[in-house]
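Here the structure comes first, spelled out in structure tokens, and everything after it is commentary.
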Amino acid sequence: MNQRVLVMITSPVGPRLDGVARYARGHGWHLMIQDRLGPEHPFDWPCDGVVATIRRDPRAFAFLRSLVRRGVPVVDLTCDRPAFAVPRVTTDHAAVGRLAAAHFAERGFRNRVFFSVGWGHVQDLRWRGLSEESPAERWSLALERPGAARGGARALARWLEARLAAAPRPLAALTYSQADAAILLAAAGRLGVAVPDELAILSGDDDPLLLENQPVPISAVDTDLGRSAFEAAALLDRLMRGDPPPRRPGLVAPRGIVQRRSTDATVAADPLVRAALAWTAGHLPGRFGAAQLASALGVSRGTLDRRFAAELGRAAGAEIRRQRLALARRLLRETARPVAEIARAAGFSSAAYFCTAFQAETGATPAAWRRANGSGYLTRISVPREPTRRAPMASGIAVSAVHEATSVQA
């Protein structure tokens, strides 16, 4: 008998819906999709199981709780209500914060903040991950002025502008959501704060439709929502067949950073390193290396490498390579230019050398990386038919398969 599965995902994010649909197609499920409950009463469609994002809506929560009491298995894709004891498969939110910290550290940003208009369990996990190696501030109107968010957009704008104006710069900000990232970028624009040189912005989730259509396209963490939903559906299938629920929630590690221009900067206190970074950024299409860079700045190669190592923890040649690869990734994502042309535009001596360097960095050929990460909303919500492992990011934080956590997270 085909299983009847109710999907209650709010908001109805494309990758999550696609992840459930991929599993359903392969297992003969009959689906009903409902992102919100009606104002009169819950839609009580007879179902054998539910995949849901269990949030703060009291009507939805009461409905799902009644299903659990009747013995209908429910799998949660979030951890907004961690005290509600149901099986979960969700993003490893602490890993999101750690990945952001590594991304900022690689670019020399020492001042860091986590920004979210609201505050809850997920925000706390991401902020703690960002703060593991060095402290990061928390900017949240909900924490600082409980109830003030009801004052509307103008009150939020005034509060955020005051925080941003008083903050040390350069500053790197991880935001909870795409909307928070856009709000922060707008505040920076009103104050004349340059993004990314004075303020680097990284969204905690990726939505190309919103983030690519900003005055400065905003970088994001790819939290692999399609994978989480696929694994949640697989868990629900086991529960509907009578398997016992797991003792711990399943966590899906983020796939990596979708880098756009909002974090495309490297900062340094050392004036020589700052000058080298600016010269490199302005000459990337040219054929030069660390020796030519040192000559252009009037210092020895040894002096340049020592100053780079002290400031950024890597030699000048490694930074040149990092900037070339970052430019190549952006061109692969944002344009349809051929790979050989992109290799030349990024300053690589040949397309073959570029392909070798790119694969060593990302674990994929330029063409394969472009298929998986290319621009456009319809491209980005496409998910492979079977779960796959992704190569480790350059930051050293590897993308892993779903694993069981030791604490309640979702």
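Annotations
- Residues whose amide H comes within less than 5 Å of that of SER203, counting only those at least five positions distant or on another chain, are THR175, SER219, ALA220, VAL221 (H built at 1.01 Å from N in the peptide plane).
- Over region 241-313, the alpha carbon radius of gyration divided by the compact-protein estimate 2.2 N^0.38 Å works out to 1.93.
- For region 271-373, the alpha carbon convex hull comes to 95 Å³ per residue, rounded to a whole number.
- Unit charges on C-beta of K, R, D, E only; dipole of the chain, Debye: 220
- With θ taken as phi - 60° and the Karplus curve 6.51 cos²θ - 1.76 cosθ + 1.60 applied, the whole-hertz 3J(HN,Hα) list for region 187-202 is 5, 4, x, 5, 8, x, 7, 6, 10, x, 5, 9, 9, 9, 10, 10 Hz, x standing for glycine and proline.
- Scoring 62-71, 306-315, 100-109 by mean Cβ neighbours within 10 Å over their residues and listing the highest first yields 100-109, 306-315, 62-71.
- Charge sum, other residues only, whose C-beta stays under 12 Å from ALA179's C-beta, Lys/Arg counted +1 and Asp/Glu -1: -3
- Trypsin sites (Lys or Arg not before Pro) restricted to DSSP loop in region 154-255 with at most 11 other C-beta within 10 Å: ARG241, ARG247
- Residue exposure sequence - ILE257, ILE33, ILE9 - by fewest surrounding Cβ within 10 Å: ILE33, ILE9, ILE257
- Between amide H atoms placed 1.01 Å from N, distances below 5 Å from GLY256 occur with ASP222, all of them 5 or more places distant or on a separate chain.
- Normalised by the number of residues in the chain, the mean separation of alpha-carbon contacts (under 8 Å, six or more apart) gives a relative contact order of 18 percent.
- Hull volume per residue, based on the alpha-carbon atoms of the chain and their convex hull, is 143 Å³.
- q = 0.16, 0.19, 0.24 Å⁻¹, region 118-217: log10 I(q)/I(0) [Debye, one scatterer per Cα]: -0.71, -1.03, -1.56
- Take every Cα pair under 8 Å whose residues are at least 6 apart in sequence, average their separation, divide by the length of region 271-373, and the relative contact order is 23 percent.
- Ordering of 74-83, 266-275 by packing is 74-83, 266-275, highest average first (other Cβ atoms within 10 Å, averaged per residue).
- Whole-Å distance, taken between Cα centres, linking region 162-220 and region 338-366: 29
- Beyond 19 Å, the tail of the calculated P(r) for region 183-267 holds 52 percent of the Cα pairs.
- Calculated from backbone phi, Karplus (6.51, -1.76, 1.60) coupling profile of region 226-242 in Hz, x at Gly/Pro: x, 5, 4, 5, 4, 5, 5, 5, 5, 5, 4, 4, 5, 5, 5, 8, x
Computed from the coordinates by the stated procedures, all read-outs in this text should not be read as laboratory data. Keep in mind it's a predicted model, so treat the numbers as computed, not measured. Here the Cβ is made from the backbone with ideal geometry for all residues, glycine too, and neighbour counts use every protein chain on show.
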